[in-house]
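The values are calculated or read from the model by the stated rules, or taken from the named source; none is laboratory data. Everything quoted here is computed from the prediction, not taken from an experiment. As a convention, Cβ positions derive from the backbone with ideal geometry for all residues, glycine included, and neighbour counts pool all protein chains shown. The accessibility values were calculated without ligands, DNA or RNA, using every heavy atom of the protein model including side chains. Shrake-Rupley method; radii C 1.70, N 1.55, O 1.52, S 1.80 Å.
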Amino acid sequence: MAETEDPLVSLFKKRATAVTAKVVEVKDLREAMSYALEVCEKKDFCEQVYVGDNVKLGSYGKAAQKMLAAPGLSKQNFAMLEKNGKEKGFTVIRGGLRAHVSGIDVGFSTAEMGIASTGTCVLTLNNEDMRLTTMICEAHVVALPKSRLVNDLEDAENFLNKIMNKGVMYTSFISGPSRTADIERVLVIGVHGPLEMHVALMES
Amino acid sequence: MQTAANMKSYLKDLDEALADKFLRRTLEKFAVAYRAGRKAIFADINEKALVAEISASKVEALGKMEELYARFKAEAEKRGVTVHRAATGAEACEIVCRIARENNVKRIVKSKSMTGEEIHLNHPLEEMGCEVTETDLGEWIIQLRKEGPSHMVMPAIHLSRHQVADVFSEVGKEKRDGEDIAGLARFARRSLRAKFAAADMGISGANFALADTGSIGICTNEGNARLTTTLPRVHVAVCGIDKITPSISEAMRIIKVLPRNAVGQIITSYVNWITGANECALNPGGKKILHVVFLDNGRSALAKDPLCGKALSCVRCGACANVCPVFRMVGGHRMGHVYIGAIGLILTYFFHGRDKARNLVQNCINCEACKDVCAAGIDLPSIIQEIRARLNEEEGSPMESSLLSKVMANRKLFHTLLRFGKWAQRPVTGATPFIRHLPEIFMSGQGFRALPAISKKAFRDEWKTLKTSLPARGRYRLGLFAGCAQDFVYPEQLKAALEIFRAGNCPVDFPPEQSCCGLPVRMMGERQAAENIALQNVRAFAARDCDYVITLCASCASHIKNNYGQILAAYPHMAFEVEQFSGRIRDFTSFVRDILGLGADVFKKTGEAVAYHAPCHQCRGLGVIEQPRALIGETGEYKPSDEEQTCCGFGGTYSIKFPEISAQILDAKLSSFEATGASTLVTDCPGCVMQLRGGEEKRGRKLKVEHMSEFLARNIKT
């Protein structure tokens, strides 16, 4: 008998896909990291945005080398990602994101929680580099453990209360890439933030 | 932004908007798409229950605003935030300017904030030499064009892609192609990223302020608010003090409705919760300099206002504009000063004052479409009527309004004048039931529809004779509330109803002391007249022994049912009579369908193609939706139309005040009915009959317009 999919997983996939996020299923964090490298490989070189003559914030025009940022990873995991990235010719960074406000190719983050009904990833981003990673990359890859999926917004309340009560925190719900419809109500993806959003759903 | 100094120049502004073909087409497309999108996106949640919860939690929070503010301040300050409170817009601007000065700020990026618009925050900042850049795409476009927003969520909805391309070409000193909308957005991304990178200060709004953790919540699709609150070393959030909620639970409920109602999305791409001064590498301490400025500007006084205080529950989704038939015709620049739509008319009065609000608050047709979709369950049309009453009390009523209210409050005088009217109008009616050539002074702008003539004999003057044909005893004892339009203009609709009651074996009583329902004077803000008239009607029916009081006018029915209790709140000793009268009120159609249960045994099957216009006060005011369609189906073939629940543009005195808008709404409406292929158009309100039949008369009578009673009576089996 075929295994039936967890309804939370199906709902999350359905809703995240509806907001033009791409959802893939992976075994663990290592596979999620490999997926991020794959995304980086497939995408066009980042279009680095001109950010001013006097501000040293990266170059302008098409990037010469692809760049991937993953500030949230443990030392060990980062070392692995960096090694594998280098082999493919990518620069992999885990800090100093302010120097790259003009844009990077891929940002890799880990979500604390997923909300199935809205297709949302919940990220805690008090660290400034982690925060910037999710904003200045062209493709954002988020690793989300299936075990952290909840059904709806109200099911996330306890968790949010806990982290917000701890002290200082920057928490983001992210559902799909940046979008606008401000010109004649025509939907355009990627006006300020990422142009692509990927969610790697992890078994563990 | 509406700034017209008087009604004449406001009307001129409205005419200009009506003549703007691009605007009309855009808003028309939007209205149709929004309606369909909204229906689909609410399909999986219990909208009414959620709105009721939001409404209750908002009212509770507004009741303890001071307590919540104190809690927020304490929690936020624990986390390194400076919390300010400004009594006025000027004070809020001063605080933000001071923060800019103290931190040596030169360049500022802003993410969308209606509160920022409310206090015109950019001006003083620019005057002190700061460069201020709006980063929301729509806001940036209108900033470059030096305009105000025309919608709270889609600020540049009034502009075409080519107008955007023009302004971007000028800014970028390079020609941009208007057909490439993605390219235009990309240009904004590039141009604004540089502004983000160089900014010293970011100014945002806030959708929520959570008292228990001192957090602010911001919803955004573009992600510009995230960059605004992250890149610059200083962040100032400006928000109304009404945005404080006890905890994240209340905010989560609002998030379930806000994006759905605003733009038909389940959730915005981003919801950000900023709890305290976060890490920021640019500052010596490594922490963001974070200020939250709460704006009062009349809010704490408004919160205590028993009738209008609910307006502060608004979550700024903009849905009241999205469904407004007037907005659909003229757009947001004519439907608000800063805040747009029904809530805009209200908040203009409270936040920007009488001068700005005087003309605007007249521009509500009272169709209740906004009330029906409001995320916070605000009774917007009632608050607008209350503001009209306050304006009359503060400034004196306009001559025509006080004259009319005096006449209407005196039933005998009113009815004598109406009877006299049928003689006075003779020279202008010819032999037709329409007024043909009214002198210009009465006819200004009214040429779009033929106005009906006053009937030769009023219903009340024939009652004695009519009564004899009715059963003395039967299934239900009915009282008949005639309303002025049918009593004096369309008595044939009431007579047709009597035939149906006879078929249903019901005796009918008609107390002659009854008068107008009072809605027209309430719409004009004539509080005392509305009260006197209501009293008169309650007394007229108080001694009568009836099971139901039937009315064939949807507006009378919903006014009596929904408003009499509040209008007569000052008469507690009459509470029982008021409750009894309004409780017994029933519209003709749902009575015939649900109570009498008349159907195929009474009506003959003709297969006639019939379209239906749902009067605003029937479908929304009374919640009667299915019954008229079912009744039509018993005899004819019901032809649905997408626009059947859209207002016909009548709105009583509205169509006299704003004839051009009324005419355009009517025209669109009739076209959609004619497209159904129906030969007959049935409705449930004499006011709608007047508007629709009058319009059809002008268009060449493609559709026969009838009241439901007339349609049913002529299809009784013989």
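Among (1) at the interface with chain B (Cβ under 10 Å from one of its Cβ atoms); (2) in a helix (DSSP H, G or I), there is one condition A:V191 misses while meeting the rest; what is its number?
(2)
Being open to solvent by 10 Å² or more (accessible area, probe 1.4 Å) and under 28 Å from the mean Cα position of the chain (by Cα) is the filter here; which residues of the stretch B:691-702 pass it?
Hit for the stretch B:691-702 is B:R693, nothing else.
Output the number of residues of the stretch B:306-343 satisfying the condition of being farther than 16 Å from B:M1 by Cα, modelled with pLDDT of 95 or more and in a loop (DSSP other than H, G, I, E, B).
Selection size over the stretch B:306-343: 7.
With the stretch B:345-414 as the region, which helices (runs of 4 or more DSSP H) entirely inside it contain at least 2 residues that are within 26 Å of B:A52 (Cβ to Cβ) and not assigned by TED's automatic domain parsing to the domain that holds B:G621?
So the answer is B:369-373, B:380-395.
Among the candidates B:F588, B:F603, single out the residue that is more than 19 Å from the chain's Cα centre (by Cα) and surrounded by fewer than 24 Cβ atoms within 10 Å (Cβ to Cβ).
The unique qualifying residue is B:F603.
Check B:F576, B:F581, B:F650 and return the single one that is part of a loop (DSSP other than H, G, I, E, B) and among the hydrophobic types (A, V, I, L, M, F, W, C).
Answer to the selection: B:F650.
Six or more apart or on different chains, Cβ atoms under 9 Å: show the pairs whose first residue is in the stretch B:388-403 and farther than 16 Å from B:T348 by Cβ and whose second is at pLDDT below 80 and among the polar types (S, T, N, Q).
Taking only residues 6 or more apart or on different chains, the pairs are B:N392/B:S401; B:N392/B:S402; B:G396/B:S402.
Right, A:M135: hydrophobic (A, V, I, L, M, F, W, C), within 13 Å of chain B (Cβ to nearest Cβ) and under 24 Å from A:L195 (Cβ atoms) or not?
It is true that A:M135 is hydrophobic (A, V, I, L, M, F, W, C), within 13 Å of chain B (Cβ to nearest Cβ) and under 24 Å from A:L195 (Cβ atoms).
Examine the stretch B:225-247 for a residue that is within 7 Å of chain A (Cβ to nearest Cβ) and in contact with a Lys or Arg (Cβ under 6 Å, 6 or more places away or on another chain), and state whether such a residue exists.
Within the stretch B:225-247 (the criterion being within 7 Å of chain A (Cβ to nearest Cβ) and in contact with a Lys or Arg (Cβ under 6 Å, 6 or more places away or on another chain)), the answer is yes, since at least one residue qualifies.
When the stretch A:168-188 is examined, which residues are found to be free of Cβ contacts under 8 Å to residues at least 40 places away in the same chain and assigned to a loop (DSSP other than H, G, I, E, B)?
Once the filter is applied, which keeps residues that are free of Cβ contacts under 8 Å to residues at least 40 places away in the same chain and assigned to a loop (DSSP other than H, G, I, E, B), the stretch A:168-188 yields A:S178, A:A181, A:D182, A:I183, A:E184, A:R185, A:V186, A:L187.
Based on what the data block shows, is B:Q528 assigned to a loop (DSSP other than H, G, I, E, B) and in contact with a helix residue (DSSP H, G or I) (Cβ under 8 Å, 6 or more places away or on another chain)?
Answer is no for this residue.
Just name the residue that is surrounded by the most Cβ atoms within 10 Å (Cβ to Cβ) out of those in the stretch A:156-182 that are under 15 Å from B:T275 (Cα atoms), of a type in the set (A, V, I, L, M) and within 7 Å of another protein chain (Cβ to nearest Cβ).
A:L160
Check off (1) within 14 Å of chain B (Cβ to nearest Cβ); (2) modelled with pLDDT of 95 or more; (3) buried (at least 24 other Cβ atoms within 10 Å of the Cβ) for A:D129 and give me the number that stays unchecked.
With (1) within 14 Å of chain B (Cβ to nearest Cβ); (2) modelled with pLDDT of 95 or more; (3) buried (at least 24 other Cβ atoms within 10 Å of the Cβ) applied to A:D129, the lone miss is (3).
Yes or no: the stretch B:333-341 includes at least one residue that is touching a residue at least 40 places away in the same chain (Cβ under 8 Å), surrounded by fewer than 21 Cβ atoms within 10 Å (Cβ to Cβ) and either within 18 Å of B:G240 (Cβ to Cβ) or within 14 Å of another protein chain (Cβ to nearest Cβ) (or both).
No: zero hits.
Do the conditions hold for B:L192, that is, is it more than 35 Å from the chain's Cα centre (by Cα), of a type outside the set (F, W, Y) and at the interface with chain A (Cβ under 9 Å from one of its Cβ atoms)?
When the stated conditions are applied, B:L192 passes them.
Filter the stretch B:67-91 down to the residues that are part of a helix (DSSP H, G or I) and either in contact with a helix residue (DSSP H, G or I) (Cβ under 8 Å, 6 or more places away or on another chain) or within 14 Å of another protein chain (Cβ to nearest Cβ) (or both) and list them by number.
Of everything in the stretch B:67-91, those that are part of a helix (DSSP H, G or I) and either in contact with a helix residue (DSSP H, G or I) (Cβ under 8 Å, 6 or more places away or on another chain) or within 14 Å of another protein chain (Cβ to nearest Cβ) (or both) turn out to be B:L68, B:Y69, B:R71, B:F72, B:A74, B:E75, B:A76, B:E77, B:K78, B:G89.
Could you tell me which of the residues B:A33, B:A17, B:A61 is of a type in the set (A, V, I, L, M, F, W, C) and open to solvent by 30 Å² or more (accessible area, probe 1.4 Å)?
Selected residue: B:A33, the only one of B:A33, B:A17, B:A61 that is of a type in the set (A, V, I, L, M, F, W, C) and open to solvent by 30 Å² or more (accessible area, probe 1.4 Å).
Which of the residues that make up the stretch B:551-583 are of a type in the set (G, A, S) and surrounded by fewer than 21 Cβ atoms within 10 Å (Cβ to Cβ)?
Within the stretch B:551-583, B:G565, B:A569, B:A570, B:A575, B:G583 qualify.
Six or more apart or on different chains, Cβ atoms under 8 Å: show the pairs whose first residue is in the stretch B:467-479 and over 17 Å from B:I595 (Cα atoms) and whose second is open to solvent by 30 Å² or more (accessible area, probe 1.4 Å).
B:S469/B:R502; B:L470/B:R502; B:P471/B:R502; B:P471/B:N505
Provide a single number: the residues in the stretch A:88-102 that are open to solvent by 30 Å² or more (accessible area, probe 1.4 Å) and aliphatic (A, V, I, L, M).
Counting residues in the stretch A:88-102 that are open to solvent by 30 Å² or more (accessible area, probe 1.4 Å) and aliphatic (A, V, I, L, M) gives 1.
Tally up the residues in the stretch B:266-323 that are touching a residue at least 24 places away in the same chain (Cβ under 8 Å), within 14 Å of another protein chain (Cβ to nearest Cβ) and open to solvent by 30 Å² or more (accessible area, probe 1.4 Å), please.
Adding up the residues that qualify gives 4.
Would a scan of the stretch B:160-167 turn up a residue that is in a helix (DSSP H, G or I), among the basic types (K, R) and either surrounded by fewer than 24 Cβ atoms within 10 Å (Cβ to Cβ) or not assigned by TED's automatic domain parsing to the domain that holds B:A17 (or both)?
Checking the stretch B:160-167: at least one residue is in a helix (DSSP H, G or I), among the basic types (K, R) and either surrounded by fewer than 24 Cβ atoms within 10 Å (Cβ to Cβ) or not assigned by TED's automatic domain parsing to the domain that holds B:A17 (or both).
With the checklist (1) of a type outside the set (S, T, Y); (2) away from chain A (no Cβ under 14 Å); (3) assigned to a loop (DSSP other than H, G, I, E, B) in hand, flag the one item B:E126 doesn't pass.
Only one criterion in (1) of a type outside the set (S, T, Y); (2) away from chain A (no Cβ under 14 Å); (3) assigned to a loop (DSSP other than H, G, I, E, B) is unmet by B:E126, namely (3).
Every residue, every condition in (1) β-branched (V, I, T); (2) surrounded by fewer than 22 Cβ atoms within 10 Å (Cβ to Cβ), yes or no:
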{"position": "B:Q627", "(1), (2)": "no, yes"}
{"position": "B:G633", "(1), (2)": "no, yes"}
{"position": "B:K639", "(1), (2)": "no, yes"}
{"position": "B:G652", "(1), (2)": "no, yes"}
{"position": "B:V689", "(1), (2)": "yes, no"}
{"position": "B:K704", "(1), (2)": "no, yes"}
{"position": "B:H707", "(1), (2)": "no, no"}
{"position": "B:N715", "(1), (2)": "no, yes"}
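Which members of the stretch B:82-107 meet the condition of being β-branched (V, I, T) and either in contact with a His (Cβ under 7 Å, 6 or more places away or on another chain) or at pLDDT below 95 (or both)?
Of everything in the stretch B:82-107, those that are β-branched (V, I, T) and either in contact with a His (Cβ under 7 Å, 6 or more places away or on another chain) or at pLDDT below 95 (or both) turn out to be B:T82, B:I95, B:I99.
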